[in-house]
1. How high is the FRET efficiency between residue 104 and residue 82 when r is their beta carbon distance and R₀ equals 25 Å, given to the nearest 0.05?
2. State the extension gain, in nm to one decimal, for the chain segment bounded by residue 51 and residue 39, taking 0.36 nm per residue of separation less the distance between their alpha-carbons.
3. With r defined as the distance between the Cβ atoms of residue 11 and residue 91 and R0 fixed at 35 Å, what FRET efficiency is calculated, to the nearest 0.05?
4. So if each residue of separation counts as 0.36 nm, and I subtract the Cα-Cα distance between residue 31 and residue 58, what length gain in nm does that give?
């Protein structure tokens, strides 16, 4: 909701289905539409986390104590970075990876000449 805080998390508990239960206090008494969504965001890579509320277009408003059921998955920055780094490594293999690939290719060629097919150990 905009760029300012409208309240705070009052407690964190684990629900019956192992989902987070996060009561919020609305300090500014801002009315939130029934179809408001909630998502966990971060200010940056190593910053604090907060709950972002995105109001929908419903003309009816959430009553006090009502659960927000539309939840967006949060992006885990560490997982995202690992994915990006992994993709980059596949485009720019390290010298050690290049050397292993060259050895495997040579072994494969030698095995074909001898009438054998090379099968990497990891696939056995």
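1. On the way: r = 25 Å, r/R0 = 1.01.
Taking R0 as 25 Å, the efficiency between residue 104 and residue 82 is 0.50.
2. Numbers: separation 12, 0.36 × 12 = 4.32 nm, distance 0.55 nm.
Residue separation times 0.36 nm, minus the Cα-Cα distance, leaves 3.8 nm.
3. On the way: r = 46 Å, r/R0 = 1.30.
Efficiency computed from Cβ-Cβ geometry: 0.15.
4. 8.6 nm
All of the numbers you see were taken from the coordinates with simple rules; none came from a lab. Bear in mind the structure is a predicted one, so any value in this text is a computation, not a measurement. In this analysis, Cβ positions are derived from the backbone assuming ideal geometry, glycine residues included, and neighbour counts consider all displayed protein chains.
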